[in-house]
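**Q** Submitted below is the structure of interest, expressed as structure tokens.
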Amino acid sequence: MSDEKLDKKKTIDLRKRHIGPSCKIFFSHDPIKIIRARGQYMYDETGQRYLDCINNVAHVGHCHPDVVKAGAQQMELLNTNTRFLHDNLVVYAQKLQATLPDKLSVCYFVNSGSEANDLALRLARQYSGHKDIITLENAYHGHVTSLIDISPYKFQQLADAELSPFVHVAPSPDVYRGRYRADHPDPATAYADEVKKIIDKVHKKDGKIAAFIAESLQSCGGQVIPPAGYFQQVAEHVRKAGGVFIADEVQVGFGRVGTNFWAFQLQGDDFVPDIVTMGKPIGNGHPMSCVVTTREVAEAFMSSGMEYFNTFGGNPVSCAVGLAVLDVIVKEDLQGNALRVGRHLSALLEKQKEKHPLIGDIRGCGLFVGVELVRDRLKLTPATAEAQEVIYKLKEQHILLSADGPHRNVLKFKPPLCFTTEDADLVVEKIDLILTELEEALKLHDALNADSSKRKLPADENGHQCHGGLIRSRGSSQQTKRLKT
């Protein structure tokens, strides 16, 4: 750690000078400088404490002493690659596999979710001998070229984006805003049939399906929970076509959903993916990730004749950290805490939905919860700017939350799993007050029919432009103005 202490302005200036401009920062007009963290709290350079509701990477809590100790102690002894025998690698693989169905038994350790998903595509293509990939609307699977191609959440931001001829996008299984909604008699089958239609079209053009890939619960896509039975039917269609099912657990694995250790298990005991990828929470902030697959897929990958070697993947320090994370999850019953606190949080939010017309939907499992804000519950008009107003107002209350989804109108809860019922009470209390203020402003706007459409739209916490709804004067956090939409 550098001994030099920079003031915030200097830090900002150096970031602008030396860090790529496409690397966005939260709250770009007034970013937060975080210098330390512990548990579910982060602290800025003045010592101000922030409640962290968004860091699903610090899974067992920021800087958990057991995880820090495990990494530091192993670093003092040895860190090398997997071409040497070391117990940490095999013991960790054994313990990780014990959380999964027996069929998923072979591990490849890598360093990030992007690396894991890229390797998963290689495994799928080698095993199947096919090339085409089916992905979902609004999906995000990583930042490398192969994954941008299958991440509509990213490539749709490009003005000149062209879909790869080997990539096919199926409708997101969103029963709130999607093509088939909660009032549909069988949305799981309807959405799975859309995948079957894509497979049939690919076959008519002499293509062949290598894999269907999906986040077990869509995160960047707006906290979307697929209807039960959807994955089973999709897997059946894809396997009949000679492909495999890849479950991306990078955002939602390791007990976050409460009822299960893995989010794909929410679909039922009769569903087992062919490949599972994991990342973010696996190392509690340490850069590591993993691909777990079947013996058959692994043997097919071996048959290519190309050795797979990863310089840092599975090193003794990473495996020590991974083991400590698994131990803390069990020792502190964090999966159980995710279930209990998540249910409490969802119940509080449901009560707010009864009170606030801006809340269109509450959805989630455990400590993975989305609150979709809408300006009209019948038309589902996204309340994008209102969502950003909530984020900024919470920041002023020293609470960190973010918004995402295709319309950036879904408030995302994915805190460290040590989050408490008292934390949930506090956040929801603040959201209640903010929404009350916003709705009063909306009533005033409707009464006056004010037209300020030429005013510059505000940027959200990631620096994106907001469209419609409430904006705040930068000079005063209390003053609100309206945009006609």
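The values are calculated or read from the model by the stated rules, or taken from the named source; none is laboratory data. For clarity, every value in this text was computed on a predicted model and none was experimentally measured. Cβ: placed from backbone, ideal geometry, glycine included. Neighbour counts: every protein chain shown. Note: areas computed on protein heavy atoms with side chains; ligands, DNA, RNA excluded. Shrake-Rupley method; radii C 1.70, N 1.55, O 1.52, S 1.80 Å.
**Q** Determine which lysines satisfy two conditions relative to residue 443: a Cα distance under 16 Å, and not lying fewer than 8 residues away in the same chain.
**A** The qualifying lysines are 355, 481, 484.
**Q** According to the square roots a ≥ b ≥ c of the eigenvalues of the Cα gyration tensor, what is the shape class of segment 1-53, taking rounded for a/c under 1.5, prolate for a/b larger than b/c otherwise, and oblate for the remainder?
**A** The shape class here is oblate.
**Q** Here is a further query. When the helix-only estimate is applied to the chain (DSSP H runs of n ≥ 4, each -39,500 (n - 2.57), divided by the residue count), what is the mean residue ellipticity at 222 nm, nearest 500 deg cm²/dmol?
**A** When only DSSP H runs of four or more count, the value is -11500 deg cm²/dmol.
**Q** Decide, for segment 311-379, between rounded, prolate and oblate: order the square roots of the alpha carbon gyration tensor eigenvalues as a ≥ b ≥ c, take rounded if a/c falls under 1.5, and otherwise choose prolate if a/b is larger than b/c, else oblate.
**A** oblate
**Q** When the Karplus curve 6.51 cos²θ - 1.76 cosθ + 1.60 is applied with θ = phi - 60°, which whole-Hz ³J(HN,Hα) does each residue of segment 139-154 get, with x for Gly and Pro?
**A** Per-residue couplings from phi come out as 6, 9, 10, x, 9, 7, 4, 4, 8, 4, 4, 10, 10, x, 3, 9 Hz.
**Q** Over the chain, what relative contact order in percent results from Cα pairs under 8 Å that are six or more residues apart?
**A** Reported as a whole number, the value is 19 percent.
**Q** If you stretched the chain out fully between residue 7 and residue 303, how much longer would it get, using 0.36 nm times the residue separation minus the C-alpha to C-alpha distance?
**A** 101.0 nm
**Q** Follow-up question, since we're still on this one. Quick one: length gained pulling residue 378 to residue 94 fully straight, 0.36 nm per residue minus the C-alpha distance?
**A** Going from the current span to full extension adds 97.2 nm.
**Q** Which order do 24, 280 take by accessible area at a 1.4 Å probe, largest first?
**A** Ranked from most to least accessible, the order is 24, 280.
**Q** Skipping prolines and chain starts, which residues have an amide H placed within reach, meaning under 5 Å, of the one on residue 210, given they are 5 or more residues away or on another chain?
**A** 131, 132, 133
**Q** Just the projected area, averaged over all directions, of the convex hull on the alpha carbon atoms of segment 264-392: how many nm²?
**A** 12.7
**Q** In µm²/s, what is D for segment 114-258 at 25 °C and 0.890 mPa s, where D = kT/(6 pi eta Rh) by Stokes-Einstein and Rh is the Kirkwood radius from Cα pairs?
**A** Approximately 160 µm²/s, per Stokes-Einstein.
**Q** In addition: What's the whole-number percent of alpha carbon pairs in segment 145-223 lying beyond 21 angstrom?
**A** Counting pairs separated by more than 21 Å, the tail of P(r) holds 37 percent.
**Q** In square nanometres, what is one fourth of the surface area of the convex hull spanned by the alpha carbons of segment 282-333?
**A** Approximately 4.6 nm², given one-decimal rounding.
**Q** Additional query: Using Cα-Cα distances under 8 Å and only pairs 6 or more residues apart, what relative contact order does segment 65-331 have, in percent?
**A** Answer for segment 65-331 is 30 percent.
**Q** Could you look at the chain and say what percent of its accessible area is carbon and sulfur, using a 1.4 Å probe and all protein chains?
**A** Carbon-and-sulfur percentage of accessible area, whole number: 52.
**Q** Quick one: what do you get for segment 68-150 if you divide its Cα Rg by 2.2 N^0.38 Å?
**A** 1.39
**Q** Something else about it: Using only the Cα atoms of segment 65-331, what are the Rg and Dmax in Å?
**A** 18.5, 59
**Q** I need the peptides 370-380, 156-166 ranked by packing, meaning the mean over residues of other C-beta atoms within 10 angstrom, with the highest value on top.
**A** Taking the mean over residues of other Cβ atoms within 10 Å, the ranking is 370-380, 156-166.
**Q** A further question on this structure: Efficiency by 1/(1 + (r/R0)^6): what FRET value for residue 80 and residue 45, r their Cβ-Cβ distance, R0 = 22 Å, to the nearest 0.05?
**A** 0.05
**Q** Over the Cα atoms of the chain, Rg to Rh with Kirkwood Rh, two decimal places?
**A** With Rg and the Kirkwood Rh in hand, the quotient comes to 0.97.
**Q** Straight-line reach only, C-alpha to C-alpha below 12 angstrom: list the aspartates and glutamates that residue 430 could link to, leaving out same-chain residues fewer than 8 apart.
**A** Within the straight-line cut-off, residue 430 pairs with 396.
**Q** May I pose another question? Applying the Karplus parametrisation 6.51 cos²θ - 1.76 cosθ + 1.60 with θ = phi - 60° to the phi angles of segment 262-272, what ³J(HN,Hα) value in whole Hz is obtained for each residue in order, glycine and proline being reported as x?
**A** 10, 5, 5, 5, 4, 6, x, 5, 8, 10, 9
**Q** Ranked from the most accessible area to the least, with a 1.4 Å probe and all protein chains present, what is the order of 236, 4, 76?
**A** 76, 4, 236
**Q** Indicate the gyration tensor shape class of segment 36-88 (rounded, prolate or oblate), computed on the Cα atoms with a ≥ b ≥ c the square roots of the eigenvalues: a/c under 1.5 is rounded; otherwise a/b larger than b/c is prolate and the rest oblate.
**A** prolate
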